[in-house]
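Here is the structure we will look at, set down as C-alpha cells.
The values are calculated or read from the model by the stated rules, or taken from the named source; none is laboratory data. What you see is a predicted model; the values in this text were computed from it and never measured. Using ideal geometry, Cβ is built from the backbone for each residue, glycine included, and neighbour counts are taken over all protein chains shown.
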Amino acid sequence: EDQVTQSPEALRLQEGESSSLNCSYTVSGLRGLFWYRQDPGKGPEFLFTLYSAGEEKEKERLKATLTKKESFLHITAPKPEDSATYLCAVEETSGSRLTFGEGTQLTVNP
Amino acid sequence: DVKVTQSSRYLVKRTGEKVFLECVQDMDHENMFWYRQDPGLGLRLIYFSYDVKMKEKGDIPEGYSVSREKKERFSLILESASTNQTSMYLCASTWGGDTQYFGPGTRLTVL
C-alpha cells in the first residue's frame with residue numbers, strides 16, 4: 001500500500017527565514033510526485049510535478065526536489081503570503097489514483 | 001487555464017436528505033474524482049470515473065454514489081445524508097494520468 005508522510009505537521013517561520021518541508025513516500029513504482037498549496041477553505045492549487053530522482057523544479061520562492069524515497073519543498077526568503085498548507089501526493093505507475101500526505105501547515109510571520 | 005467548478009461553496013442539509021454535489025470541468029478531461037477532506041485524515045478518495053458512464057469505487061464509497069452522464073460533469077450523491085458526512089468535498093479532473101486539478105470545494109454541513 002502506498003504511503004506518504006509529511007513533516008513537520010506545522011511550521012512557523014519569520015519572514016525571510018528559509019526552510020524546507022519534507023515528504024517521504026513508499027510506493028511500488030513512482031509515476032509522479034505532486035506538490036499542492038491549499039489556502040483555508042479552498043481547493044488545492046497545483047504547484048509542481050516531479051517524475052524521477054534528481055529532478056528539481058522552481059517557482060518564485062519555491063523549489064521542489066526528488067530522491068528515491070523523499071521530496072523536499074524548499075522555501076527561500078518566505079513572505080506572509082506563502083502561508084498555507086502544502087500537500088504532497090504520489091501516483092504509482094499502475095494507475096492514476098493519488099495518495100496524499102496530511103500536509104504541512106506553514107505560517108510566515110511578518 | 002484549467003477550470004473546475006463546483007455547484008456550491010457552502011451547503012447545509014438535514015439528516016436523511018438526498019444531496020447532490022455537482023462538478024464541471026472545461027478541459028475535456030477524461031478522469032474525474034471526488035474526495036472528502038477532514039482534519040487529521042487528509043484527502044480521501046470516494047469515487048472516480050475514467051469515462052462517461054463509468055465509475056470506480058475509491059477508498060470510502062459507503063453512503064455515496066456518483067453519476068457521469070456527460071464527459072464534463074461528475075456528480076456526487078449522498079442518498080441519505082448523515083452527520084458523519086459533514087465535510088469538505090473536493091472534485092478534481094485530469095487528462096490520463098497527469099496532474100489532477102481541483103475545484104474550489106464544497107463545505108457540507110449535515111444537521
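Structural remarks
Matching residues to (1) polar (S, T, N, Q); (2) surrounded by fewer than 15 Cβ atoms within 10 Å (Cβ to Cβ); (3) more than 16 Å from the chain's Cα centre (by Cα):
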{"site": "A:Thr5", "(1), (2), (3)": "yes, yes, no"}
{"site": "A:Thr65", "(1), (2), (3)": "yes, no, no"}
{"site": "A:Lys69", "(1), (2), (3)": "no, yes, no"}
{"site": "A:His74", "(1), (2), (3)": "no, no, no"}
{"site": "A:Pro78", "(1), (2), (3)": "no, no, no"}
{"site": "A:Ala89", "(1), (2), (3)": "no, no, no"}
{"site": "A:Gly95", "(1), (2), (3)": "no, yes, yes"}
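- Among the residues making up region B:8-24, those that are closer than 20 Å to A:Gln38 by Cβ and either out of contact with any Cys (no Cβ under 9 Å at 6 or more places or on another chain) or modelled with pLDDT under 95 (or both) are B:Ser8, B:Arg9, B:Tyr10, B:Leu11.
- When B:Val12, B:Val66, B:Val24 are checked against the criterion of being more than 13 Å from the chain's Cα centre (by Cα) and assigned to a strand (DSSP E or B), B:Val12 stands alone in meeting it.
- Candidates in region B:68-111 are the residues that are polar (S, T, N, Q) and within 14 Å of chain A (Cβ to nearest Cβ); of these, the one that is surrounded by the fewest Cβ atoms within 10 Å (Cβ to Cβ) is B:Thr109.
- Those strands (runs of 3 or more DSSP E) of region A:57-110 in which at least 1 residues are within 10 Å of another protein chain (Cβ to nearest Cβ) and not hydroxyl-bearing (Ser, Thr, Tyr), considering only elements entirely within it, cover A:84-92, A:98-100.
- Number of the exception - B:Pro61 against (1) touching a residue at least 40 places away in the same chain (Cβ under 8 Å); (2) surrounded by 15 or more Cβ atoms within 10 Å (Cβ to Cβ); (3) of a type outside the set (A, V, I, L, M, F, W, C): (1)
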